[in-house]
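The structure appears below as structure tokens.
The values are calculated or read from the model by the stated rules, or taken from the named source; none is laboratory data. Only a predicted model underlies this, so the values are computations on that prediction, with no experimental measurement involved. Virtual Cβ from ideal backbone geometry, glycine too; neighbours counted across all protein chains shown. Each accessible area value is taken on the protein alone, full model and side chains, heavy atoms only, with ligands, DNA and RNA left out. Shrake-Rupley method; radii C 1.70, N 1.55, O 1.52, S 1.80 Å.
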Amino acid sequence: MAIVDHLTDTERLQFFRKARLLENKAKELSDVEDYERAGLLYGWAGYAYMQLQAWEDAGYNHGQSGEAYKRIGKWSKAGFGYGLSGEAYEKAERWLGAGFNYTQSGYAYEQSKEYEKAGESYRRAGECYRETGKWQEVAISYQQSGEACQTARSWRSAGLSFSQSGDAYKKAVMWMEAEENYCKGKIAYTEAGAYEDAGNMYYQEMLMKRMKMKKWSFKRLGSYMYDLVCGYGEKPRNIFITWILTIVFFAAIYLFPSGITYRADPESSNNLLTRLFYSLYLSAMTFATLGQSEFDIKGYIRPFIMLEALIGVSMITLFVLVLGRKMMRR
């Protein structure tokens, strides 16, 4: 039913009288437990109040319509009534009332096995609760949306809702619940074939696992280093950046005077820019484990050569594994 933007005073008075009459009659029918007709009249009253843009009265009457239909097991009609109530309260910026009625709408649609509609209602409840900053309620609503969409096998919608639930739990500092919802989001996105999104959910899941670990523990430090190096296997570019930083770091060590000498032209090692080039060259060759025979290497440099070679082998292997894993998922 379309909302009329411009009403004359006479029309507004007519709508107001009609709304009051319908509301009072609906109350009488509800008192005698004639919930079928009570639900219908509450709905009409709600529409009349919507024409007047009296959103709180509209929200109340549509909510009562949903309540009446729920009493007699008319779940689809109840879901529709609660949904209209949520919309009216949303326009009135009564966010808690809107969130509550959208939640009731979702529950009613679940009872009527209209799971996609249930998922949408729960999602809108989450959006309303977000306006209040009540992150736990936001998270629960999005989680319910994800579960309804999962039942409907609407996998992308389920993945999005579980992702939003995880984000809300993270804001509420509830790491375990956030991890659980990110995991569900990963599974849903995988079912939808959205592997990039599934990878993002896995990354968030691993972050939540780390947040649950004891602060300053070696286990948490190891997890943090794994994140820095490769983003838990989801960020190959991190490995490439680590390559560059490692090569530059060891080149700075090799740059020490008399650390290395170029056999073909020993005197060139006295020039700073030339030594810098030789150091980078040696570091890159060592990291790539290609070997070298062009330099005389002093004793104190050799342990660093061995260490960089081991790091290079590990990093190259890790890069191949991570890149291969991501390519296989595509």
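Considering the values (1) 19.0; (2) 15.1; (3) 24.8, which represents mean projected area of the Cα convex hull in nm² as calculated for the structure under consideration?
(3)
With every protein chain kept in place and ligands, DNA and RNA left out, what is the accessible area per residue of the chain? Probe 1.4 Å, answer in Å².
Each residue of the chain exposes 54 Å² on average to a 1.4 Å probe.
Report, in deg cm²/dmol and to the nearest 500, the calculated mean residue ellipticity at 222 nm for the chain, where each DSSP H run with n ≥ 4 adds -39500 (n - 2.57) and the sum is divided by the residue count.
Value at 222 nm, helices only, nearest 500: -26000 deg cm²/dmol.
Loop sites only, by DSSP: take the GluC sites (Glu not before Pro) in the chain that have at most 14 other C-beta atoms within 10 Å and name the longest stretch containing none of them.
For GluC sites (Glu not before Pro) (loop position, at most 14 other Cβ atoms within 10 Å), the longest site-free span of the chain is 94-293.
Over 10 Å intervals from 0, what percent of Cα-Cα pairs in the range 19-91 sits in each interval?
The calculated distribution, bin by bin, is 28, 54, 18, 0.
Sum up the charges of everything whose Cβ sits under 15 Å from the Cβ of Glu116, counting Lys and Arg as +1 and Asp and Glu as -1, but leave Glu116 out.
It works out to a net charge of +2.
Could you work out what % of the accessible surface of the chain is carbon and sulfur, using a 1.4 angstrom probe and leaving DNA, RNA and ligands out of the count?
58 percent
With r defined as the distance between the Cβ atoms of Arg71 and Tyr224 and R0 fixed at 41 Å, what FRET efficiency is calculated, to the nearest 0.05?
0.15
Take each complete run of DSSP H in the chain, measure how far its Cα atoms stretch along the helix's own axis, and keep only those covering 20 Å or more with mean Kyte-Doolittle hydropathy at least -0.5; list them.
35-51, 236-254, 272-287, 302-329
Straight-line reach from Lys134: which lysines have a Cα under 28 Å away, not including same-chain ones fewer than 8 places off?
Within the straight-line cut-off, Lys134 pairs with Lys70, Lys91, Lys117, Lys170, Lys171, Lys184, Lys186, Lys209, Lys212, Lys214, Lys215.
Only sites in a loop by DSSP and with at most 16 other Cβ atoms within 10 Å count here; which chymotrypsin sites (Phe, Trp or Tyr not before Pro) in the range 162-258 make the cut?
Trp216
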